[in-house]
1. Of everything in segment 60-80, what is open to solvent by less than 60 Å² (accessible area, probe 1.4 Å) and free of Cβ contacts under 8 Å to residues at least 60 places away in the same chain? Give them in sequence order.
2. Can you tell me which residue within segment 24-55, out of those that are among the polar types (S, T, N, Q) and open to solvent by less than 80 Å² (accessible area, probe 1.4 Å), is farthest from ARG66 (Cα to Cα)?
3. Looking at segment 16-56 only, could you name the residues that are acidic (Asp, Glu) and assigned to a helix (DSSP H, G or I)?
4. Going through LEU30, LEU13 one at a time, which residue ends up being touching a helix residue (DSSP H, G or I) at 6+ places or on another chain (Cβ under 8 Å), closer than 18 Å to LEU91 by Cα and either free of Cβ contacts under 8 Å to residues at least 24 places away in the same chain or not acidic (Asp, Glu) (or both)?
Amino acid sequence: LLALAIEDLRRKLEARGKALHFQLFQRHDLCESDGPRPSYAHLAAEFAASTTDVTNWLTRVRQEFRACVLERLRDLTGSDEEFQEEARALLGPDRA
């Protein structure tokens, strides 16, 4: 589910000319290294952006990612009740 949602997000952002936003999300939120995540300031320097822009872009990308997850989840569930239950289990009771 998450892999499909990540791919959906990547395609949507690239189609809108926002591949950089996906790269930031990938570097910060999908970071697979054993070390600490890069800071927003580090990402800003790496991608020649302001820290404020990085913060804002990541916030919006995370919101879009959540929407992609829920869209995929809706496709995979058979009823609204099942969707709600799975969304709460996946995202938490306050996030569904």
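1. Correct list: VAL61, GLU64, ALA67, LEU70, THR77, SER79.
2. SER50
3. Within segment 16-56, GLU46, ASP53 qualify.
4. So the residue among LEU30, LEU13 that is touching a helix residue (DSSP H, G or I) at 6+ places or on another chain (Cβ under 8 Å), closer than 18 Å to LEU91 by Cα and either free of Cβ contacts under 8 Å to residues at least 24 places away in the same chain or not acidic (Asp, Glu) (or both) is LEU30.
The values are calculated or read from the model by the stated rules, or taken from the named source; none is laboratory data. These numbers come from a predicted model, not from an experiment. Virtual Cβ from ideal backbone geometry, glycine too; neighbours counted across all protein chains shown. Note: areas computed on protein heavy atoms with side chains; ligands, DNA, RNA excluded. Shrake-Rupley method; radii C 1.70, N 1.55, O 1.52, S 1.80 Å.
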